[in-house]
Amino acid sequence: MHSVVNLGGKMDSILEEAVRQGLAKTKQEALRMGILMLDRQYNLLEKLEDEADLSDARKISKLVEAGKMRTIPWETVKKKLLK
């Protein structure tokens, strides 16, 4: 994904200071670091992945209920894997 962001004032000053202090090589890198910090603090990607997993599970459940997909008991799978 390509994003264009226009920053000014304090935001731009913060990015410039991060570069000046050597925390990042460029303002773009500093911005990326900030985004990663947001994810680290709020687990944003984890929540998105959980929602995607739940959506997939619902779709599979509907397919099983409709007879378009079947499940295999864990014991059967385990036996096949241990052969």
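Go through the residues of region 42-51 one by one and say whether even a single one is modelled with pLDDT of 90 or more, surrounded by fewer than 10 Cβ atoms within 10 Å (Cβ to Cβ) and either outside any helix (DSSP H, G or I) or not acidic (D, E) (or both).
Taking region 42-51 and keeping what is modelled with pLDDT of 90 or more, we get 42.
Within this subset, residues satisfying the condition of being surrounded by fewer than 10 Cβ atoms within 10 Å (Cβ to Cβ) are none.
Taking every residue of region 42-51 in turn, none turns out to be modelled with pLDDT of 90 or more, surrounded by fewer than 10 Cβ atoms within 10 Å (Cβ to Cβ) and either outside any helix (DSSP H, G or I) or not acidic (D, E) (or both).
Against the conditions (1) over 26 Å from the mean Cα position of the chain (by Cα); (2) surrounded by fewer than 12 Cβ atoms within 10 Å (Cβ to Cβ), K62 satisfies every one except (1).
The values are calculated or read from the model by the stated rules, or taken from the named source; none is laboratory data. Since the structure is predicted, the reported quantities are computational estimates derived from the model, not experimental observations. Here the Cβ is made from the backbone with ideal geometry for all residues, glycine too, and neighbour counts use every protein chain on show.
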